[in-house]
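So that we are looking at the same thing, I have put the structure below in structure tokens.
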Amino acid sequence: MNWMQGYGSKAGCHTGNPVVFEIDGVSIHAGGHSRNGGWHRMSPLPDLAIGPAQVMDNPRATVVPDGWSCQGYIGGDTPQIISIDWPDFSIPQDVHREFWLALVADIKANGIKTVSTQCVGGHGRTGVQLCILGYLMGDPTCLKQPDAASLIEHVRDIYCHHAVEGKSQQTYVAEVLQIPEGKSLFKSFKKKNNFSFTDTSDYPMKNGKKKEDKDNYMPKSTYWVEDEDDYDDGDGFPTTWQLHSCGLCGTPEWVHLDDPVPEQCSNCGAPEMMLSTDALYDMSGICPKCDNTVSHFGMHDDGHCIVCAAEEAGIKTRDGMVQCKKSKKFYLPEFMNVETWVSRDAERTARIKKEEQTKRAKDKKAKGKGKGKGKKGKDYPAKKKKQLNNKELKRKQEEARLRITQRSLDDYLEDRGFDFDGMEDFI
């Protein structure tokens, strides 16, 4: 399978921190922290290390307060660190062309000789860094590339064929370097609705088109899409759900924002459910079968990733997503119940529907109490009284009139005695 039509196998690709570019005396290295790479594994350490905050904020090196005397006794020098807000499979959230131009100028002005680029696996986000730095720092072959697609293919040829992993990343490279985007290197799927965590390479779109506000339009890069009330945060993770996990046994549990957070773990009963959504971005695990990097929650109990486990179970997968048996939509593997292969969203929808059906049945049963035939008195429905036929009503009215007449006759006889002549007066 062509890896560009999905993630494909990453077995046998790069490890460590190979040198990708040598430009004007500056060596640019690249590596993935989960593939024996990262600046902290370089010897000697680089002058500058750059990468997403996900890995740069965990330097795996001794850190002490500035100015403390013990700082001088730490082995090796800590490089200059640049940590970027950059989610996995996505693009920098607050860094644009001007930042990269200034960075290249800083590298030259500060005499930097070694640069370490990195991310978790050393593929998508690392590839973007290599494309940008190689081009802006003046690598001759990079400058010959007519568009972003060609530049990415060149970086794949000299570094790793998995470099740059999403269409939004390709678009970002083109806009930072102000070159044409070129042909799309990523297969896209037509969506029928807004609900999508099926494509981790793009921000949400509506009916295949980007949402535009004509009244408050402001020019934006084509990789930057207006916020929408959608289930996808752009990295494939649903914004209306949160992942909690047990602090004792680690059991994960997805919780919808409209539902209460469980007070205790469903597995061990411990009252230590912690918010763990950020752990989904920690792609520190490696599947031994497909060699893909996954989060801790993306691993199956059989030791493989959930995607591989799904394929073994005969469940359809696509682009690292798993198809829900109930809704037939594709979801992040972490969002699936691996015992039933039903998504958490589909489970919740079915549960709510069942609860509503049960409530309606109870309400109907409660309304039916006291409606049995032959019951009279206070509980006898007024509707039944109205349904008595006219003949019955007339019969009751006649009985009442006779009772009144009989009482009147009794009172008259009591006053007059049994004077039958007086009967004519009464009658």
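Read the figures in this text as sums done on the coordinates, not as results from a lab. Just so it is clear, the structure is predicted and the values come from calculations on it, not from any experiment. Cβ coordinates were reconstructed from backbone atoms using ideal geometry, including for glycine residues, and neighbour counts include every protein chain displayed.
What residues qualify as long-range amide H neighbours of ILE84, i.e. H under 5 Å apart, gap of 5 or more or another chain, H built at 1.01 Å from N?
For ILE84, the qualifying residues are GLY51, ALA53.
If you don't mind, another one. Under the Karplus relation 6.51 cos²θ - 1.76 cosθ + 1.60, θ = phi - 60°, what is the ordered set of whole-Hz ³J(HN,Hα) values for region 255-264, x standing for Gly and Pro?
So the J values, rounded to whole Hz, are 10, 6, 4, 8, 10, x, 6, x, 7, 8.
Extension gain GLU356-GLU339, at 0.36 nm per residue separation less the Cα-Cα distance, in nm? Can you show the working numbers first?
On the way: separation 17, 0.36 × 17 = 6.12 nm, distance 2.52 nm.
Going from the current span to full extension adds 3.6 nm.
Starting from the Cα coordinates of region 241-345, work out the convex hull volume and express it per residue in Å³.
Working: hull volume 10.9 nm³, N = 105.
Spelled out: Cα convex hull of region 241-345, divided by residues, is 104 Å³.
Read phi for every residue in region 315-320 and hand back ³J(HN,Hα) as whole Hz from Karplus 6.51 cos²θ - 1.76 cosθ + 1.60, θ = phi - 60°, with x for Gly and Pro.
8, 5, 10, 7, 6, x
Also: Which loop-located trypsin sites (Lys or Arg not before Pro) does region 279-323 contain, where loop means any DSSP state but H, G, I, E or B and the Cβ has at most 15 other Cβ atoms within 10 Å?
Values: sites: LYS289, LYS316, ARG318; in loops: LYS289, LYS316.
The qualifying sites are LYS316.
Under 5 Å between amide hydrogens, which residues at least 5 positions from SER343 or on another chain qualify, with H placed 1.01 Å from N in the peptide plane?
LYS325, LYS326, SER327, ASN337
With Cβ to Cβ distances under 14 Å as the rule, what net charge do the other residues near GLU272 carry (K, R +1; D, E -1)? Mind dumping the intermediate values first?
Working: positive: none; negative: GLU253, GLU263.
Taking every other residue near GLU272 into account, the sum is -2.
Then there is this: If eta is 1.306 mPa s and T is 10 °C, what Stokes-Einstein diffusion coefficient results for region 290-360, Kirkwood Rh from Cα pairs, in µm²/s?
Values: Rh = 12.8 Å.
The calculation lands on 124 µm²/s.
Something else about it: If you plug each phi of region 328-343 into the Karplus form 6.51 cos²θ - 1.76 cosθ + 1.60 with θ = phi - 60°, what whole-Hz ³J(HN,Hα) values come out, in order, with x for Gly and Pro?
6, 8, 9, 10, 4, x, 5, 8, 9, 7, 6, 8, 10, 6, 10, 5
Once you have the Kirkwood Rh of region 288-328 from its Cα pairs, apply Stokes-Einstein at 20 °C and 1.002 mPa s and quote D in µm²/s.
Working: Rh = 10.6 Å.
So the translational diffusion coefficient is about 203 µm²/s.
Let me ask something else. What ranking, highest mean first, results for peptides 111-117, 331-337 when packing means the other Cβ atoms within 10 Å averaged over each residue? Intermediate values should be presented prior to the final figure.
Details: 111-117: 20.1, 331-337: 22.6.
The peptides rank, most packed first, as 331-337, 111-117.
Let me ask something else about it. Can you list residues from other chains, or at least 5 along the same chain, whose modelled amide H is less than 5 Å from the amide H of GLY320?
The answer is TYR7.
Under a Cβ-Cβ cut-off of 13 Å, what is the net charge of the residues other than ILE23 that fall near it, where Lys and Arg count +1 and Asp and Glu count -1?
Working: positive: LYS108, LYS113; negative: GLU22, ASP24, ASP139.
Summing Lys and Arg as +1 and Asp and Glu as -1 gives -1.
What does the highest-first list of 178-184, 157-163 look like by mean Cβ count within 10 Å?
So the peptides 178-184, 157-163, ranked by packing, come out 157-163, 178-184.
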